[in-house]
Amino acid sequence: MKVFLAIILAFTLFACNNSKKNSTESSNENSQKWSARMANSVMERHDTLLYSTPSIKWQYDVAMLAMTIDKLGVIDQKYSDYMKTYFDYFVNEDGTVKKYKIEEYNIDRINPAKALFTLYKRTGDEKYNKAIQLFVQQMENHPKTETGGFWHKKIYPYQLWLDGLYMGSPFLAQYAKEYNAPKWFDIVTHQVKLMHEKTLDPETGLLYHAWDESREQRWSNPETGQSPHFWSRAMGWYLMAIVDILDYLPEDHPDRDELISILKNKLDALLKVADKKTGLWYQVLDQSGREGNYIEASGSLMYTYAMAKGANKGYLNKKYKEIAIEKFDAVLEHLIVENEDGTISLIQTCGGCGLGGNPYRDGSYEYYITETVVENDTKGVAPFIMVALELDR
């Protein structure tokens, strides 16, 4: 009997030690993946994302990075804690949100609200639910074009920007599903289709950055209302919006197949203008080799994310997953720098581009290529992690 018990004890200790060993090996393996390496690099540079920019704002891109890092919470709670710290600074106990003014009707302010769904489900804290309703209220009253498209901002009347689709529509699609509010599904798919219709260049299949219904802007084509150029990140926002909307859109929704068709057609159009040498994409998409143009990180990563997720979800043929792997490898080769302190950096991301405003942004080729190029910009770093997660890299 003693021998038998000794054998059982020895086996138990062996199994326990082996389990700990496998767990440690798995943890070490995860920490060496590009997704975790980039997240760790961000956290090494910034104790909190609240101070990652010169002023603290309820900001679409910083929030996107926080939400993306949170996806690594399955391997370590520290990543989810990092996100929660950022959002808890803004969300008050009564559900109001610091640095947010509903009367501005700025669609950029909607994107961070996606984190509120996650935080509400995890904690049950009613403040998050109240805040969700605040952003839904904005979209209930958000000004629209005559054709039913959400203005990009109140200060940019009658204008649809591709960026705006990502800022508002995935939030509304998630709200529609999780709060049983199906009217928003039709509104969301209308935004996707309308944006495509109004910004499409039939010859290339690419989408112009924006459309002015009023034709009053100096940047708008007096006949079509379209802006003059195809900006890399603008199409990236648009395609990421579609694959994220599809997470929530019912399988039997009448517009679902059309959204998938648009996704595929836009990716095919983009593959035709990819740089022959690197396989990546230029800041101004159709101006390969023109003086001043450059390979831009954020757009390249956003398209790669759309391909990888689209293939993983079954919206796209498996060949797009293979293409996504090739593109990610190209990013690693041409746009990632390994630093002496063990962190990694993403280079060649456009800091930001817009239209109109003061000083006036005219949407010219010269404008797009002369905006500041930034290292480790949130709008490139977040999609990098998103792609790495989709590819399990």
The computed P(r) of the stretch 53-131 puts the percent of Cα pairs beyond 19 Å at 33
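Helix hunt in the chain: which complete DSSP H runs extend at least 18 Å axially by C-alpha with mean Kyte-Doolittle at least -0.5? It would help to have the intermediate numbers written out before the result.
Numbers: long enough: 2-31 (43 Å, -0.02); 77-90 (21 Å, -1.25); 126-141 (23 Å, -0.91); 162-178 (25 Å, -0.03); 183-199 (25 Å, -0.56); 232-245 (20 Å, 0.93); 256-272 (25 Å, -0.07); 297-312 (22 Å, 0.11); 319-334 (23 Å, -0.43); 378-391 (20 Å, 1.34).
Answer set is 2-31, 162-178, 232-245, 256-272, 297-312, 319-334, 378-391.
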Output the peptides 202-211, 268-277 sorted from most to least packed, where packing is the average of other Cβ atoms within 10 Å over each peptide's residues. 202-211, 268-277
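Rank-order 168-176, 368-376 by packing density, defined as the average count of other C-beta atoms within 10 Å over each peptide's residues, highest first.
Most protected by this proxy first, the peptides run 168-176, 368-376.
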Each residue of the stretch 215-224 in turn: what ³J(HN,Hα) in whole Hz from Karplus with 6.51, -1.76, 1.60 and θ = phi - 60°, glycine and Pro shown as x? 6, 8, 6, 5, 7, 8, 5, x, 8, 9
Residues in the stretch 360-388 that a label on D201 would reach, taking backbone N under 19 Å of a point 7 Å out along Cα→Cβ: 362-371
Relative to a virtual label point 7 Å from the Cα of D286 in the Cα→beta-carbon direction, which members of the stretch 363-377 show backbone nitrogen distances below 14 Å? 365
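When only DSSP loop residues count, what GluC sites (Glu not before Pro) in the stretch 74-160 have their Cβ near at most 16 other Cβ atoms within 10 Å?
On the way: sites: E93, E103, E104, E126, E140, E146; in loops: E93, E146.
Answer in residue order: E93, E146.
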Taking only C-alpha pairs under 8 Å that are 6+ residues apart, what is the relative contact order of the stretch 148-259 in percent? 30
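Grab the Cα-Cα distance for R45 and Q32, subtract it from 0.36 nm times how many residues apart they are, and report the gain in nm with one decimal.
On the way: separation 13, 0.36 × 13 = 4.68 nm, distance 1.78 nm.
Net length gain for the segment: 2.9 nm.
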Peptides 153-161, 252-260: what's the order by average Cβ count within 10 Å, highest mean first? 153-161, 252-260
Of [x] 63, 52, 45; [y] 92, 52, 45; [z] 64, 45, 41, which one was derived for Cα extents along the principal axes in Å from the structure shown? [y]
Between Y179 and N221, the two model label points (7 Å from Cα along the beta-carbon direction) sit apart by a distance in nm of 3.8
Whole-angstrom gap from the stretch 341-373 to the stretch 233-309, using each part's C-alpha centre: 18
Taking a crude spin-label model, label points 7 Å out from Cα along the C-beta direction, the L134 to L271 distance in nm is 4.4
Expressed as a rounded percentage, what relative contact order does the stretch 34-391 have, with Cα pairs under 8 Å and six or more residues apart? 16
Give the lysines whose C-alpha is closer than 21 Å to that of K318, dropping any in the same chain fewer than 8 places away, or say none. K264, K266, K272, K309, K327
Three principal axis extents, largest first, for the C-alpha atoms of the stretch 99-238, in Å? 51, 28, 25
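Throughout, read-outs are computed from the coordinates displayed, never taken from laboratory work. Bear in mind the structure is a predicted one, so any value in this text is a computation, not a measurement. All Cβ positions, glycine included, derive from the backbone under ideal geometry; neighbour counts span all protein chains shown.
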